[in-house]
Amino acid sequence: MANTPKGQNEVIFHSIHLPESWKLANYLSVGGYDALKKVLAEKMPPDEIINQLKISALRGRGGAGFPTGLKWSFMPRNYEGDKYLVCNSDEGEPGTFKDRDIIRYNPHQLIEGMIIGGYTLGAKVGYNYIHGEIWEAYERFEEALDEARAAGLLGRNILGSGLDFDIHAHHGFGAYVCGEETALLESIEGKKGQPRFKPPFPASFGLYGKPTTINNTETLASIPYIVKHGGQKFLELGKPNNGGTKIFSVSGHVNSPGNFEVAMGTPFSELLAMAGGVRGGRKLKAVIPGGSSVPVLPGEIMMQLTMDYDSIAQAGSYLGAGSVIVMDDTVCMVRALERLSYFYFEESCGQCTPCREGTGWLYRIIHRIEHGLGRPEDLDLLDSVAGNISGRTICALGDAAAMPVQGMLKHFRHEFEHHIQHKKCMV
Amino acid sequence: MLTPESLKKIDREVAKYPPEHKQSAVMSALRIAQDEKGWLAPETIAFVAHYLGMQPIAAQEVATFYNMYDLKPVGKHKITVCTNLSCTLMGAESAVEYLQRKLGIGFGETTPDGRFTLKEGECMGACGDAPLFQLNNKKICANLSPETIDAILAGLD
Ligand SMILES: Cc1cc2nc3c(=O)[nH]c(=O)nc-3n(C[C@H](O)[C@H](O)[C@H](O)COP(=O)(O)O)c2cc1C
Ligand code: FES
């Protein structure tokens, strides 16, 4: 591409060109830990940091897009006793693979962001919960923690400032639901990962019952940039209400799948071009723009959109974690949805009846449509089962199972009807 | 029941958490036990529970909840193939077919010589490298093709 895309590798992957970019010395060579040093030297008031986060319009990168500055302001300030900061690196949402690369290629920036978080929120300990399937990333993170401790950047009396903050890695072991923040807390406590009823919210009753803030890996790794350059600069990288750059994980039918960090608000068409375009020059059929849990959108609609929370929401889907699954015209939507429905059925923790039973119903109905046994009334049944899960469960895994079904029926209903009538696929 | 090396590793995990919350180390302790024993027999789980001062049933609950624990013996090498959507779009089905033919087993089965177990897995958060499998819960083997699969398997004892 002739021009560098706006914001490319500006915030997170700025050191990715360095060999062994994950080593402390290399991170320091590009100004790493400067933000932390600034915070400590200037004794920046926590309120000022939170204010910069608010100005930056940084929104949670874990999927829900909740404003980070606002979330941090919920932590009780004068609480006597332990508080915790937890990083969510349990990325298990199909189509999402950015946090793994942050940990593999720039772990110290995440560590720096977490230390600034500990300082701001008054937490002495942080945990990073790392997806079970990426053991190599877990090992790399542990090595980075050791390096940081040895350099006096982590642990007691950080850089002689009197600040105490330590971080530990917690290794998951294969449960998608543990990405949900309260299930994740249960899991750190050494229990089954079953989500907690909210309220109380983690800011008042979190890990071990103590005030806790939970943020996604990419969210926390963005903090040093905001502290160093100011919230305004981060905001201007993106667009109003959608500050900064975003890492988009592009997978599926593209020539060069991978992670692309670009400005929020980058046109989808540009992102697709960065990923090498649709495989084999085929026609773009559909895109899941934010991970398997969000409604699919037809290719023609996607080509009109920009990649930010507001644009994708206006089209009836979600930016989610920025996980872009591209499908060309060879894809059978019934088959695609069957696989996703199987996933939610497998991963439902079983705590809430609508989700435990409903995900099984969804999977079985879609399975029979795919296998030529669909009945004319099945599409209404799918609508009704999905509708009966949505909003009726403790956590959003139920909604995550229902939304793909609703999106498919909205945009590709004719494919499902064809399967039912002709007992076979139309593609 | 576990070697001193394994216990040392578990102790390192325990140290990450407040002293009154040793249970937090149960996931890692079970992983370490599984690495040593190959799988988690009920008595292994009970041992880990006692070591951490928790009820065996509570450790059993954890072992059954998370997918990467093996509650039955598995082969020397466990191959877990991701078949979720991004991987399927990139040819996971052909990779599975090839593996099944080459090893002569289906999902959930172990080769008669006890060398390989094949499992179906969910998204590993590495979809850009699809199709892929995870080897022995530790290593992601990416961009699978018949040639890469042959090479990976040939390199295993
Ligand atoms: C079923 C389910 C799975 C989730 N998985 C993840 C995940 O893998 N990573 C993540 O950061 N957030 C995940 N979330 C969202 C978290 O609950 C939480 O909102 C997020 O970690 C907050 O961080 P943020 O504000 O920085 O985005 C998941 C939510 C649900 C309901
Ligand atoms: S879909 Fe296979 S790793 Fe994500």
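The values are calculated or read from the model by the stated rules, or taken from the named source; none is laboratory data. Just so we're clear, the structure is a prediction, and the values are computed from it rather than from any experiment. Cβ sites come from the backbone with ideal geometry, for glycine too, and all protein chains shown count toward neighbours. Remember, those area values only see protein heavy atoms, side chains included, never the ligands or the DNA or RNA. Shrake-Rupley method; radii C 1.70, N 1.55, O 1.52, S 1.80 Å.
Observations, loosely collected:
- Rg ratio (alpha-carbon, reference 2.2 N^0.38 Å) - the protein assembly as shown: 0.94
- Shape class of the stretch B:4-65 from the Cα gyration tensor (axes a ≥ b ≥ c, square roots of the eigenvalues): oblate, since a/c reaches 1.5 or more and a/b does not exceed b/c.
- Sorting B:147-153, A:347-353 by average packing, meaning the other beta carbons within 10 Å per residue, from highest down gives A:347-353, B:147-153.
- The modelled label-to-label distance for the pair A:Asp82/B:Glu147, using points 7 Å beyond Cα in the direction of Cβ, is 5.3 nm.
- Crossing angle, helix B:42-52 versus chain B [Cα axis fit, 0-90 degrees, rounded to tens]: 50
- Per-residue shielding of B:30-38, expressed as the average number of other chain Cβ atoms within 10 Å of the residue Cβ, stands at 1.
- Label-to-label distance for A:Ala151 and A:Arg282 is 4.5 nm, based on points extended 7 Å past Cα in the beta-carbon direction.
- Average partner coverage of A:246-252, which counts Cβ from other chains inside 10 Å: 4
- The stretch A:168-233 and the stretch A:297-337 have Cα centres spaced 27 Å apart.
- Rg/Rh ratio calculated on Cα atoms of the stretch A:255-306 (Kirkwood radius): 0.93
- Solvent-accessible surface (1.4 angstrom probe) belonging to B:Met1, in square angstrom, nearest 10: 110
- DSSP-defined beta bridges in the protein assembly as shown - what % are antiparallel, rounded to 5: 50
- Taking every protein chain into account, the 1.4 Å probe leaves B:His50 with about 130 Å² of accessible area, to the nearest ten.
- Annotation: Cα Rg of the stretch A:65-125 relative to the compact-globule expectation 2.2 N^0.38 Å equals 1.30.
- Cβ-based charge dipole, the protein assembly as shown, positive-most Cα from B:Gly108, B:Thr148, A:Val227: A:Val227
- For chain B: relative contact order, % (alpha-carbon pairs under 8 angstrom, 6 or more apart): 18
- Ordering B:Met124, B:His77, B:Tyr98 by the projection of their Cα atoms onto the charge dipole of the stretch B:77-154, which places +1 on the Cβ of Lys and Arg and -1 on the Cβ of Asp and Glu, puts B:His77 at the extreme positive end.
- Using the Cβ-Cβ distance between A:Tyr208 and A:Arg368 with R0 set to 51 Å, the FRET efficiency from 1/(1 + (r/R0)^6) comes to roughly 0.65.
- Beyond 27 Å in Cα-Cα separation lie the following of the pairs B:Lys37/B:Lys119; A:Lys6/A:Lys43; A:Lys210/A:Lys239; A:Lys124/A:Lys228; A:Lys54/A:Lys83; A:Lys43/A:Lys246: A:Lys6/A:Lys43; A:Lys210/A:Lys239; A:Lys43/A:Lys246.
- Compactness of the stretch A:7-63, expressed as Rg and Dmax over alpha-carbon positions, Å: 14.0, 37
- Between A:Arg104 and A:Asn388, residue separation times 0.36 nm minus the direct Cα-Cα distance comes to 98.2 nm.
- Across chain B, Cα-Cα pairs farther apart than 23 Å form 44% of the total.
- Rounded if a/c under 1.5, otherwise prolate or oblate - the stretch A:103-216, Cα gyration tensor axes: oblate
- The stretch B:75-157: projected area of the alpha-carbon convex hull, averaged over directions, in nm²: 4.6
- Working note: Karplus 6.51/-1.76/1.60 with θ = phi - 60° gives the stretch A:208-224 the couplings 6, x, 9, x, 9, 10, 10, 9, 6, 3, 5, 4, 5, 6, 7, 4, x Hz, where Gly and Pro are set to x.
- With Cα atoms, 0 to 90° folded angle of helix A:353-370 axis to chain A main axis: 50
- The heavy atoms of A:Ser384 present about 60 square angstrom of accessible area, all protein chains included, probe 1.4 Å.
- A 1.4 Å probe over all protein chains sorts A:Asp166, B:Asp157 by accessible area into B:Asp157, A:Asp166, starting with the largest.
- Residue order for B:Phe47, A:Phe165 - accessible surface, 1.4 angstrom probe, largest first: B:Phe47, A:Phe165
- For residues of A:332-342, the mean tally of beta carbons on other chains within 10 Å: 2
- Computed E for A:Leu159/A:Glu20 - FRET, C-beta separation, R0 22 angstrom, nearest 0.05: 0.40
- Within the stretch A:274-415, the ratio Rg/Rh, alpha carbon atoms throughout and Rh by Kirkwood, equals 0.97.
- Over the C-alpha atoms of the stretch B:45-123, the Rg to Rh ratio, Rh being the Kirkwood estimate, stands at 1.11.
- The residue among A:Asn26, A:Pro202, B:Ala59 whose Cα reaches farthest toward the positive pole of the charge dipole of the protein assembly as shown, with charges on the beta-carbon of Lys, Arg, Asp and Glu, is A:Pro202.
- Protein-only accessible surface at a 1.4 angstrom probe places the residues A:Trp72, A:Trp361 in the order A:Trp361, A:Trp72, largest first.
- Seen against the Cα atoms of chain A and their longest principal axis, helix A:378-389 is set at about 30 degrees.
- Taking the Cα centre of the stretch B:77-154 as reference, the dipole from Cβ charges on Lys and Arg (+1) and Asp and Glu (-1) amounts to some 260 debye.
- The distance separating the Cα centre of the stretch A:95-137 from that of the stretch A:346-399 comes to 34 Å.
- Mean sequence separation of contacting Cα pairs (under 8 Å, at least six apart), scaled by the length of the stretch B:77-154, corresponds to a relative contact order of 39 percent.
- Contact order for chain A, expressed relative to its length and based on alpha carbon pairs under 8 Å spaced 6+ residues apart, stands at 17 percent.
- Å² per residue, accessible surface of the stretch B:77-154 at 1.4 Å: 37
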